[in-house]
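Some notes on the structure that comes next.
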Amino acid sequence: FNILTGNKGSLKDWEKIDPEAATRYGKILSSDHYELKAMGRTGFWSTPHTLRAKAYQHIIHSIESTSTTADLDTYHGIVRKLFGELQTSTHPFPKFMEDGEIPRYCLNKAGLNSVKKILICINHHFLDVSFCPILSALVSLLLHFSEDEAQCFHIICSLVSYTDPKKHYIDRTFLTSRASCMTFGDLANKYCRGIRKLIASSHQNLFEFYSDWIMWIFADLPFTYAIRVLDVYLMEGYKVLYRVALALLSFYKVSVSSRVAHVDDFRQDMKSFVQNVGRHSTINALLQRAFSIQLPTRKELTYLFNANKDALIQKDIHNKSSYQAMDFRAFRSSVVTETEMRVVWAWIPERFALFSPVQLFSTNIHGRRLFSFYSKVEGHDPTVLLLKTEDEDICGAFLSSDWAQKNCDEKGFKFFGTGECFVFTRPVLQISGMSDKSSQNQRYESAPFCTLSTFKFMAGNDETLFIGGDDGHALHLQADLTAGSSEHCDTFESPPLCRGCFKIQSLEVWGIQHSLSVPPLLSQ
């Protein structure tokens, strides 16, 4: 795994042996951050092997400026203390590794032993790293492009201790790893909704499926794909991993749609798909798909990550064993079945889906007055509204904001709510939500959180209630809750949710048991 790159200690003159690569390296040295990002995305330094190694050293040098790094002597000191003169490891794998497996990535027995030694030294050096399953894959990959174990250790330490608040590289605990996983789940909910529906309706565990998302990249991807992802990851940080995993999920969605009836385990099926991704996409096509996705800003992702972390803390989930899958067996509704509620619950933001649904209002129990509706649901956010018509049509809405915000003035209704709102219908529980008006051909390629005041999500007074308001209301309910209407609505880009005007057979509102605060960006 060792290479000689033309640096101190090299036995060859790299610039003369490979002048074209040397010219490329000169361009790397003279490029700014944005130029290097473009180079990483296009594979500028992908060949030869020595050019990538030198490019990585240059990138890591810039990362060191905001890291508390361990120098090479630190590694040698830890090795002497832990392994003595034998330089071989009989120690158990660190607990931060989930299963004790090291991706081979073409390493021989000696290389795998080096990976284990480096991981044990990382565990000794960073006592606060308690859960980080990707570290073994990162060490295995970076060892290919390091001069020795000490340099590889130094690179990993730079990534672990990176302190720039605008981006990060590695989650250190189950809490932060799971919050990142939930953030990915929220993004997948916006860009790959069909997958969530398939998994939820099959009663398989979404938590377990999405818990593997980062391992799709740094464990399951073939080596030639993984190192191209590593190129952009070192330049751009964690956000790139969201992009690549979403791209993998979008390719998987196409693959699984034709054979879903034969999939008994989506988690294992996804793993197999990623391991054989070459049958479905080239690495260039995968990265092109990844960077065509219009993700939220880093600031918005940070707010969402922190909201998810707060939800985990409130739910007292600090390790894998403390997570319990949602139990819908006791769920009873006059509008939807248990399976349909599983699908709806799979669509709502991850931080709320941790909590069980609680019925707040039902026309069968509380009567048919809009005043009673408001009195039962105000003070609760978010809520899920479920409606069945006398023609047996079923539709509903996820409403992110508290109805207590409703207000009317002389100019008419005051709309409120956030871009997390969506509406849905049965028979197949189709979902409609926010999409970017400038990208009509990419319906879900939009930022999940829209703060533009022109969008109209929720409004109401004592006489009427509206959901959606741009050129038509997705739902319009009257004061006696006996009748309503639905139109095409630009807010959600939704067709009429049921037959235009309808009589209400049953209406319910469900909330969740929580006391979470909504992050500032989401509440605007």
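The values are calculated or read from the model by the stated rules, or taken from the named source; none is laboratory data. Owing to the predicted nature of the structure, the values given are computational and were not obtained by experimental measurement. Cβ atoms come from the backbone with ideal geometry, glycine included; neighbour counts cover every protein chain shown. With ligands, DNA and RNA removed, areas are computed over all heavy atoms of the protein, side chains included. Shrake-Rupley method; radii C 1.70, N 1.55, O 1.52, S 1.80 Å.
With the structure loaded, tell me whether Tyr252 is out of contact with any Leu (no Cβ under 7 Å at 6 or more places or on another chain) and either closer than 18 Å to Val277 by Cα or open to solvent by less than 30 Å² (accessible area, probe 1.4 Å) (or both) or whether it fails that test.
Yes, satisfied.
So for the range 115-135 (the condition being part of a helix (DSSP H, G or I), closer than 27 Å to His49 by Cα, polar (S, T, N, Q) and out of contact with any His (no Cβ under 6 Å at 6 or more places or on another chain)), does at least one residue qualify?
Scanning the range 115-135 turns up no residue that is part of a helix (DSSP H, G or I), closer than 27 Å to His49 by Cα, polar (S, T, N, Q) and out of contact with any His (no Cβ under 6 Å at 6 or more places or on another chain).
Only residues that are without any contact (Cβ under 8 Å) to a residue 40 or more places away in the chain and open to solvent by 70 Å² or more (accessible area, probe 1.4 Å): list them for the range 260-296, please.
Within the range 260-296, Ala261, His262, Asp264, Gln268, Arg279, His280, Thr282, Gln288 qualify.
Taking the stated definitions as given, is Asp231 among the charged types (D, E, K, R), in contact with a helix residue (DSSP H, G or I) (Cβ under 6 Å, 6 or more places away or on another chain) and open to solvent by 10 Å² or more (accessible area, probe 1.4 Å)?
Here the answer is no, as Asp231 does not meet what is asked.
Cβ-Cβ distance below 9 Å, separation of 6 or more or different chains: which pairs start in the range 314-334 with a residue that is in contact (Cβ under 8 Å) with a residue 12 or more places away in the chain and closer than 24 Å to Asn364 by Cβ and end on one that is open to solvent by 90 Å² or more (accessible area, probe 1.4 Å) and not in a loop (DSSP other than H, G, I, E, B)?
Pairs found: Ser334/Asn364.
State yes or no: is Ala311 open to solvent by less than 70 Å² (accessible area, probe 1.4 Å), not hydroxyl-bearing (Ser, Thr, Tyr) and not assigned by the TED database to the domain that holds Glu508?
yes
Of the residues that sit in the range 278-301 and are hydrophobic (A, V, I, L, M, F, W, C) and under 18 Å from the mean Cα position of the chain (by Cα), which one is farthest from Ala245 (Cα to Cα)?
Here the residue is Leu301.
Looking at Ser114, Ser140, Ser146, Ser136, which is the one that is of a type in the set (Ser, Thr, Tyr) and under 13 Å from Phe96 (Cα atoms)?
Ser136
Applying the selection to the range 117-153, what residues are surrounded by fewer than 21 Cβ atoms within 10 Å (Cβ to Cβ) and small (Gly, Ala, Ser)?
Ser130, Ala150
Among the residues of the range 154-175, how many are assigned to a helix (DSSP H, G or I) and either on the phi > 0 side of the Ramachandran plot or surrounded by 19 or more Cβ atoms within 10 Å (Cβ to Cβ) (or both)?
As a first pass, look at the range 154-175 and keep what is assigned to a helix (DSSP H, G or I): 154-160, 174-175.
Keeping just the survivors that are either on the phi > 0 side of the Ramachandran plot or surrounded by 19 or more Cβ atoms within 10 Å (Cβ to Cβ) (or both) gives 154-160, 174.
Residues that pass the stated criteria total 8.
Report yes if Ile317 is over 28 Å from Leu142 (Cβ atoms) and of a type in the set (A, V, I, L, M, F, W, C), otherwise no.
yes
At pLDDT below 95, acidic (Asp, Glu) and surrounded by 18 or more Cβ atoms within 10 Å (Cβ to Cβ): is that true of Asp409 in this structure?
Numbers: at pLDDT below 95: yes; acidic (Asp, Glu): yes; surrounded by 18 or more Cβ atoms within 10 Å (Cβ to Cβ): no.
Criteria not met by Asp409.
Do we have Arg289 as touching an Asp or Glu at 6+ places or on another chain (Cβ under 7 Å), part of a helix (DSSP H, G or I) and modelled with pLDDT of 90 or more here? Full working, then the answer.
On the way: touching an Asp or Glu at 6+ places or on another chain (Cβ under 7 Å): no; part of a helix (DSSP H, G or I): yes; modelled with pLDDT of 90 or more: yes.
No.
Residue pairs, Cβ under 7 Å, 6 or more apart or interchain, first in the range 376-387 and within 16 Å of Gln405 (Cα to Cα), second among the polar types (S, T, N, Q) and part of a loop (DSSP other than H, G, I, E, B). List them.
Pairs found: Asp381/Ser400; Asp381/Ser401; Pro382/Ser400.
Suppose we filter Leu354, Leu360 for residues that are in contact with a Gly (Cβ under 6 Å, 6 or more places away or on another chain), aliphatic (A, V, I, L, M) and surrounded by 14 or more Cβ atoms within 10 Å (Cβ to Cβ); which single one remains?
Matching residue, one of Leu354, Leu360: Leu360.
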